[in-house]
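As structure tokens, the structure follows; a few thoughts come after it.
Taken together, the values in this text are just the output of simple stated rules run on the coordinates, not laboratory data. Treat the numbers as computed from the prediction; the structure is a model and nothing was measured. Every residue, glycine as well, gets a Cβ built from its backbone with ideal geometry; the counts of neighbours run over all protein chains shown.
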Amino acid sequence: MRYLDSNVFIYPIFYRGKKSDKAKSILAEMVEGVSPCVTASLTLDEVMGVVMREVGRDEAIQIGRDILSLPNLRILDVTDEDIMRSIKLLEKYPRLKPRDAIHIAVSINAGVFTIISDDDVFDTVSEINRVSLE
């Protein structure tokens, strides 16, 4: 089981190249059932926010629906326990931003210790392993 950061969804929408191709491959493996994944509801907020800003509201709504319908993707709520853990992570890792800390907390609390992300700040966190899109 792997945790998908928002850039796994964003790269195939807006970019072409190696990172986009890897993100598409990861999503395809998930859809085919080869590698089920999880993400947080926060991820949909981030992805839809970027799409809304760059393309428009209707497109953002459709992307949200598309993500919700992906097979083998479990979308996790962000709980009080996740926020408490994210605060502890922020205290421990000065480079972390609050959203990144929430992603990590949701992942850890779900028992998932591999995060797929293009964000190298996750490399500073010893509790998880990051798989890059490179």
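Of everything in the range 83-121, what is touching a residue at least 40 places away in the same chain (Cβ under 8 Å), under 20 Å from S41 (Cβ atoms) and touching a helix residue (DSSP H, G or I) at 6+ places or on another chain (Cβ under 7 Å)? Give them in sequence order.
Residues satisfying the conditions are R99, I102, H103, V106, I115, I116, S117, D119.
Identify the single condition in (1) closer than 23 Å to D123 by Cα; (2) touching a strand residue (DSSP E or B) at 6+ places or on another chain (Cβ under 9 Å) that L96 does not satisfy, given that it satisfies every other one.
L96 satisfies all of (1) closer than 23 Å to D123 by Cα; (2) touching a strand residue (DSSP E or B) at 6+ places or on another chain (Cβ under 9 Å) except (2).
When the range 107-134 is examined, which residues are found to be out of contact with any Ser or Thr (no Cβ under 8 Å at 6 or more places or on another chain), β-branched (V, I, T) and over 13 Å from C37 (Cα atoms)?
I108, V121, T124, V125
From the list T39, T43, pick out the single residue that is within 17 Å of the chain's Cα centre (by Cα) and not in a strand (DSSP E or B).
Answer to the check: T43.
Could you run through the range 83-113 and say how many residues are of a type in the set (D, E, K, R) and over 20 Å from F9 (Cβ atoms)?
Here the count works out to 5.
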